[in-house]
Amino acid sequence: MISNVRTRKLGTVSRAVAFSLVAIFLLAIGGASLASAQQAPAATANPQPASNRAQPEPINFDDHDGWTQIFDGKTLNGWDGSPDVWHVEDGAIVGESSAQHPSGTTNIIWHGGEPANFRLRLEMKLEGAGANGGVQYRSNIVPPKIRPIPADAAPDVKQRMEQAQALALKRGKWNMSGYQMDFDFGNRYTGQLYEQGTPRGIIAWRGQVVATGPGKKPTLLSTLGGPDELKAFIKPGDWNQVEIVADGNTLVHIVNGHVMSVLVDTDPQFSAARGSIALEIEGGGTLKISHRNIWLKPLP
């Protein structure tokens, strides 16, 4: 998560190219259809022979054929996070923070493996104006970076930084670095691809298809729609269906059936082939982030 990021003005390719690019990728892995695709007609008692012009099956977020449920809805078995931040409530993994009991930036980590190529589905709900979360994937546990306090810091600034330092050390065993599907209550960043704990930061903003390469800055390949246009599909304070597709160097973020960002990451310095999955919480004030119906499907 970051704030106060200066955006760069980027040129765009035609939207038609963007939808074609993402559609080809998703169809190749048997993924969800784009939100703009027409739904296939309902099956009949006497189905017609297959056609090479038939529409794909409609989006079915509840299709779990070949998927594994990695949260049982009742306990935190297989998950590890600070017990004063995370608990199970109404079938969801819930993280909470307040001024009296701040969470800082921390994660609850799934210890069922380090997936390489996969599809991950879950539902997320953020409550509280300062709520800031996301899903870490292909990530690693790393020591927290402690920011030094400037000698001339004002007393209130010094107090806040001392609190942040103490929380970072207290939650150090759950600190992570790696890819993140960003999600914030204000939906400024929701859906983008942010890299936690590295100099790259935000790599693919919402509405972008971006490529990276060795020794080069990220390059915009195309656009999926305007950030505000895609923001309209996100439900503030309500449950949102989230899917992450990680297949080789291609990473796709989908929210409520709409592709939010795509990254083709071939930068050998930073790209990750596998790693841990985790859920993040941070932000100021009183907030609550809930996650339910978490399913994982390996890809070849």
> How much of residue 167 can a 1.4 Å solvent probe reach, expressed as accessible area in Å² and rounded to 10?
Replying inline: 30 Å²
> Counting only Cα, what are the radius of gyration and maximum Cα-Cα distance Dmax of region 160-300, in Å?
Replying inline: 15.8, 47
> Mind listing the phi-derived Karplus ³J(HN,Hα) values for region 241-247, rounded to whole Hz, using 6.51, -1.76 and 1.60 with θ = phi - 60°, and x for any glycine or proline?
Replying inline: 8, 10, 9, 10, 10, 10, 9
>> Could you tell me the relative contact order of region 119-200? Use alpha-carbon pairs under 8 Å, at least six residues apart, and round to a whole percent.
In response: 37 percent
> How much FRET efficiency would the formula 1/(1 + (r/R0)^6) give for residue 273 and residue 154, where r is the Cβ-Cβ distance and R0 is 35 Å, rounded to 0.05?
Replying inline: 0.20
> Expressed as a whole percentage, what fraction of the accessible surface of region 76-168 belongs to carbon and sulfur atoms when a 1.4 Å probe is rolled over the protein heavy atoms?
Replying inline: 51 percent
>> Place a point 7 Å from Cα of residue 64 in the direction of its Cβ. Which residues in region 76-92 have their backbone N less than 15 Å from it?
In response: 91-92
> Dividing the Cα convex hull volume of region 254-299 by residue count, how many Å³ per residue is that?
Replying inline: 167 Å³
>> For a quick check: with amide H placed at 1.01 Å from N, whose amide H comes under 5 Å from residue 138's, ignoring anything fewer than 5 positions away on the same chain?
In response: 275, 276
> Using θ = phi - 60° and the Karplus curve 6.51 cos²θ - 1.76 cosθ + 1.60, what whole-Hz ³J(HN,Hα) does each residue of region 181-187 get, with Gly and Pro shown as x?
Replying inline: 8, 6, 8, 10, 4, x, 6
>> Straight-line reach from residue 125: which lysines fall under 29 Å, measuring Cα to Cα and dropping same-chain residues less than 8 apart?
In response: 74, 145, 170, 173, 231, 235, 288, 297
> Using the alpha-carbon centroid of each, what span in Å lies between region 130-181 and region 67-121?
Replying inline: 18 Å
>> Compute, for region 80-140, the length of the dipole vector about the Cα centre, with Cβ point charges of +1 (Lys, Arg) and -1 (Asp, Glu) only. Units Debye, rounded to 20.
In response: 340 debye
> Do any trypsin sites (Lys or Arg not before Pro) in region 51-149 lie in a DSSP loop with no more than 13 other beta carbon atoms within 10 Å, and if so, which?
Replying inline: 53, 74, 145
> For region 110-235, what percent of Cα pairs sit more than 26 Å apart?
Replying inline: 35 percent
> ³J(HN,Hα) across region 135-144 via Karplus (A = 6.51, B = -1.76, C = 1.60, θ = phi - 60°), whole Hz, x for Gly/Pro?
Replying inline: 10, 7, 8, 6, 10, 10, 7, 9, x, x
>> Viscosity 0.890 mPa s, temperature 25 °C: give me the Stokes-Einstein translational D for region 110-153 in µm²/s, with Rh taken as the Kirkwood radius over C-alpha pairs.
In response: 165 µm²/s
>> Could you compute how much accessible surface residue 75 exposes when probed at 1.4 Å, giving the result in Å² to the nearest 10?
In response: 50 Å²
> Using just the C-alpha positions of region 156-227 as equal point scatterers, what log10 of I(q)/I(0) does the Debye formula give at each q in 0.15, 0.29 1/Å?
Replying inline: -0.68, -1.25
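The values are calculated or read from the model by the stated rules, or taken from the named source; none is laboratory data. Predicted model only: the values in this text are computed from it and were never measured. Positions of Cβ are backbone-derived with ideal geometry, glycine not excepted, and every protein chain shown enters the neighbour counts. What goes into the accessible areas is simple: the full protein's heavy atoms, side chains included, and nothing from ligands, DNA or RNA. Shrake-Rupley method; radii C 1.70, N 1.55, O 1.52, S 1.80 Å.
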